[in-house]
Amino acid sequence: MATPIPAGNPMYVRIRLADEEDVPHIHRLVHQMAVFERLTHLFSATESALSSTLFSSDSRPFHSFTVLILELSPNPPPQQSSASSPTFPDIVRRVDISPPIGDPESATFTSSRGGGDWVVAGFVLFFPNYSTFLAKPGFYVEDIFVRECYRRKGFGKMLLSAVASQAVKMGLGRVEWCVLDWNVNAIRFYEEMGAQVFQEWRICRLTGGALQAYGKQMNGSDD
């Protein structure tokens with residue numbers, strides 16, 4: 001049974017750098033995102049695959065695949081949080097939310113950091129790209145997702161703001177991402193942020209058998 005957060009009580013939001021211990025939650029969040037986007041037929045990720053690709057020994061946050069985790073708690077974090085990374089100090093904000101939020105999955109999404117009262121509510125995954133027009137690197141946001149019960153509270157904006165803030169800190173040229181054309185709420189949200197939504201661009205993708213077949217052409221192999 002969901003335990004509602006008392007009305008009028010503050011909530012504390014923490015955005016922190018993810019590590020390998022967060023993989024089970026990341027996997028659950030990505031699956032929920034696939035359900036929301038009606039793309040479960042494309043979902044094949046496993047926890048072991050996420051762990052080996054996102055948190056390999058040579059990965060460097062902000063210079064490779066990077067995940068930020070969004071967490072909430074009715075209590076403030078300790079001043080010296082064990083979750084904090086020297087590469088990316090925790091972002092902590094106090095917010096007041098009314099009406100109360102009922103989270104039916106709070107036990108499943110209990111954070112591995114900072115005590116049992118912190119709950120994982122969302123994440124953003126991004127990595128470096130490059131603009132030849134600007135002659136500057138940037139960030140490409142592959143995924144941003146907030147669990148259903150925490151949507152329309154401004155948490156998605158906080159995640160994107162954290163990515164944008166890091167881009168500014170590093171002197172990057174831009175942050176960009178894609179949005180499904182049927183997701184009018186997200187499109188409106190992004191436009192209100194000041195983001196440009198380019199109607200004339202289309203994603204081109206080689207994957208699966210098509211990728212394998214096309215890749216073999218360079219080797220002159222028909223096998």
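The values are calculated or read from the model by the stated rules, or taken from the named source; none is laboratory data. Not measured: the values here are computed from a predicted model. Virtual Cβ from ideal backbone geometry, glycine too; neighbours counted across all protein chains shown.
Counting only residues that are within 13 Å of K153 (Cβ to Cβ) and of a type in the set (A, V, I, L, M, F, W, C), which one in region 72-102 is modelled with the highest pLDDT?
L72
Looking at region 35-48, which of its residues are touching a helix residue (DSSP H, G or I) at 6+ places or on another chain (Cβ under 9 Å) and either surrounded by 12 or more Cβ atoms within 10 Å (Cβ to Cβ) or not in a loop (DSSP other than H, G, I, E, B) (or both)?
F36, T40, H41, L42, F43, A45, E47, S48 - these are the residues of region 35-48 that are touching a helix residue (DSSP H, G or I) at 6+ places or on another chain (Cβ under 9 Å) and either surrounded by 12 or more Cβ atoms within 10 Å (Cβ to Cβ) or not in a loop (DSSP other than H, G, I, E, B) (or both).
Quick one: which of L172, L159 is touching a Pro at 6+ places or on another chain (Cβ under 6 Å), among the hydrophobic types (A, V, I, L, M, F, W, C) and closer than 26 Å to L68 by Cα?
L172
Which of the residues spanning region 156-180 are within 22 Å of L39 (Cβ to Cβ) and modelled with pLDDT of 90 or more?
Residues satisfying the conditions are G156, L159, L160, E176, W177, C178, V179.
For F133, work out the one condition from (1) under 17 Å from the mean Cα position of the chain (by Cα); (2) in a loop (DSSP other than H, G, I, E, B) it doesn't fulfil.
(1)
Of the residues that sit in region 155-171 and are touching a residue at least 40 places away in the same chain (Cβ under 8 Å) and of a type in the set (A, V, I, L, M), which one is farthest from F145 (Cα to Cα)?
Once the filter is applied, the top-ranked residue is M170.
Restricting to region 104-130, count the residues that are under 19 Å from the mean Cα position of the chain (by Cα) and either farther than 13 Å from V175 by Cα or part of a loop (DSSP other than H, G, I, E, B) (or both).
So the answer is 14.
I'd like the full set of residues that are among the aromatic types (F, W, Y), farther than 25 Å from R174 by Cβ and in contact (Cβ under 8 Å) with a residue 40 or more places away in the chain, limited to region 26-69.
F36
Any residue in region 96-124 that is among the hydroxyl-bearing types (S, T, Y) sitting within a Cβ distance under 6 Å of a residue that is modelled with pLDDT under 85? List the pairs, counting only those 6 or more apart or interchain.
S98/A7; T110/G116
Got at least one residue in region 50-58 being surrounded by 14 or more Cβ atoms within 10 Å (Cβ to Cβ), in a loop (DSSP other than H, G, I, E, B), at pLDDT below 95 and not acidic (D, E)?
Checked against the condition, which is being surrounded by 14 or more Cβ atoms within 10 Å (Cβ to Cβ), in a loop (DSSP other than H, G, I, E, B), at pLDDT below 95 and not acidic (D, E), region 50-58 yields no hits at all.
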